[in-house]
Amino acid sequence: MFADALASEGVTVRELYQNAASVLAAGDVLILHWPDEFFYARSLSRRFRGMRSLTALLIAKYVQRKRIIWVGHNLVPHQRGARVSRIRLPVFLRAVDGLIFLSRASQSLFCETYPQLAAVPSIVVPHGHYRSRERSVPSVRDIAGARPVRLAFMGQVKRYKAPDIVARLVASLSPDRCELVIAGQCKDPDLGSELTTIAAKASNVDIQLGYLEDAALEALIDGADAVILPYRDILNSGSALMALSRFRPVIAPRLGSLVDLQNEVGEAWVWLYEGDLTTEKLAAALDWARQPRDPRGPDLSRQEWALIGSRITAYLRQIVAR
C-alpha cells in the first residue's frame with residue numbers, strides 16, 4: 001500500500017532487499033522500513049551479511065549519491081533480544097538522510113533513543129488504513145442482549161504483545177461475560193504451549209496458531225466485537241488500523257502512536273488503559289465495547305493513502321533536491 005501510494009504520484013518504485021546487490025541497484029532514494037539487518041547482531045553469518053549490506057549502503061550514499069530514508073516503524077526489532085552492533089549502528093545512523101514517522105509520539109521516542117537523528121529532516125504521516133484490501137464491505141457489529149463480548153487478538157503471536165496476559169484474564173471470567181480468540185503465527189514454542197494449555201482449561205478461550213491468509217484474517221476480525229492488543233511495549237500498530245478498517249473498536253495500552261490514533265478517530269473507537277492490563281481494566285473495556293457506534297464506522301480520512309502518498313512524495317523530492 002505504501003509503494004502503491006507513491007506509484008500513484010508518479011514515483012517509480014522497486015522492491016529493495018537488504019543485500020548488497022539490491023542496495024547498489026536501487027534508484028535515487030532507498031526507503032528502509034525495517035533496517036535491522038544493517039545494525040543488529042545475531043548469528044555470525046548474519047553479522048557478516050549485515051556488514052556487506054552496510055558497506056553497500058555506504059557506497060550507495062557516498063559514491064552513487066543516493067538518499068537513505070528510514071521509516072520509523074519500530075525502535076527495536078520485532079525479534080526481541082537481538083543485540084545492537086556498537087560498530088555498525090553509529091555508521092548506519094550517520095548515513096540516514098531523512099526520516100518518516102507515523103506519529104508525533106514515535107518521532108519523539110526515536111530522537112530520544114537516537115539523538116544523532118534529531119537534526120535529520122523528517123516528516124510525520126499517519127499509518128494508512130487497509131480498506132483497499134477489503135474483500136467485503138465492513139459493517140458495525142452490535143452486541144445484542146446479554147451475550148458475551150467476543151474479543152480477537154490477531155497477527156504475529158509474540159511475547160511482547162502479551163497474548164498470555166489477556167488469555168489468562170479472559171479465562172478467569174465467566175464464559176457468559178467474554179470470549180477470546182487468539183489467531184496468528186507463533187514461532188515461540190514455549191508461548192504456544194502456554195497458550196494452548198490455558199485454552200484447554202477455559203471454554204471461552206480459543207487458540208488458532210498458524211499463518212492467516214487475508215480472507216481468514218478479515219473473517220476473524222469481522223467475527224469479533226472488538227480487537228484487543230495488550231502490548232507490553234509498542235511504537236506503531238498496523239493491527240489497530242486493520243481493526244478500524246473493518247469497523248471494529250480497539251482496546252490497547254496508552255503507548256506509542258496509539259495515543260495519536262485515539263485522538264484522530266475518537267474515544268468511541270479506541271479505548272486506552274494505563275499500565276498493565278488487569279481484570280478491572282478488562283471489565284471496563286468490555287463495558288465500553290458494548291456501547292453503540294456510528295454505523296458509518298470510524299473516520300479514517302486522515303489515514304487515506306492518496307493523501308499520505310502525496311505528502312511523502314513531496315518530502316522525498318525535497319530530500320533529493322538538497
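So which residues in the range 177-231 are open to solvent by less than 50 Å² (accessible area, probe 1.4 Å) and hydroxyl-bearing (S, T, Y), if there are any at all?
The one that is open to solvent by less than 50 Å² (accessible area, probe 1.4 Å) and hydroxyl-bearing (S, T, Y): Y231.
Please verify whether the range 149-159 includes one or more residues that are within 25 Å of F247 (Cβ to Cβ) and of a type in the set (F, W, Y).
Within the range 149-159, one or more residues are within 25 Å of F247 (Cβ to Cβ) and of a type in the set (F, W, Y).
Just give me the residues in the range 28-59 being assigned to a strand (DSSP E or B) and within 16 Å of P90 (Cβ to Cβ), in sequence order.
Selection gives Y40, A41.
Yes or no: R65 among the charged types (D, E, K, R) and at pLDDT below 80? Step through it out loud before you land on a result.
Values: among the charged types (D, E, K, R): yes; at pLDDT below 80: no.
Answer is no for this residue.
Tell me whether the range 250-273 contains one or more residues that are closer than 30 Å to G98 by Cβ, open to solvent by 50 Å² or more (accessible area, probe 1.4 Å) and touching a residue at least 40 places away in the same chain (Cβ under 8 Å).
yes
Any chance you could count how many residues in the range 122-147 are assigned to a loop (DSSP other than H, G, I, E, B), over 16 Å from A219 (Cα atoms) and under 23 Å from the mean Cα position of the chain (by Cα)?
Total satisfying the criteria: 5.
Just checking, does the range 276-287 include any residue being touching a Phe, Trp or Tyr at 6+ places or on another chain (Cβ under 7 Å), free of Cβ contacts under 8 Å to residues at least 40 places away in the same chain and closer than 30 Å to C178 by Cβ?
Within the range 276-287, one or more residues are touching a Phe, Trp or Tyr at 6+ places or on another chain (Cβ under 7 Å), free of Cβ contacts under 8 Å to residues at least 40 places away in the same chain and closer than 30 Å to C178 by Cβ.
The values are calculated or read from the model by the stated rules, or taken from the named source; none is laboratory data. Keep in mind the model is a prediction, meaning the values are calculated, not measured. Cβ atoms come from the backbone with ideal geometry, glycine included; neighbour counts cover every protein chain shown. Only protein heavy atoms, including side chains, enter the accessible area calculation; ligands, DNA and RNA are left aside. Shrake-Rupley method; radii C 1.70, N 1.55, O 1.52, S 1.80 Å.
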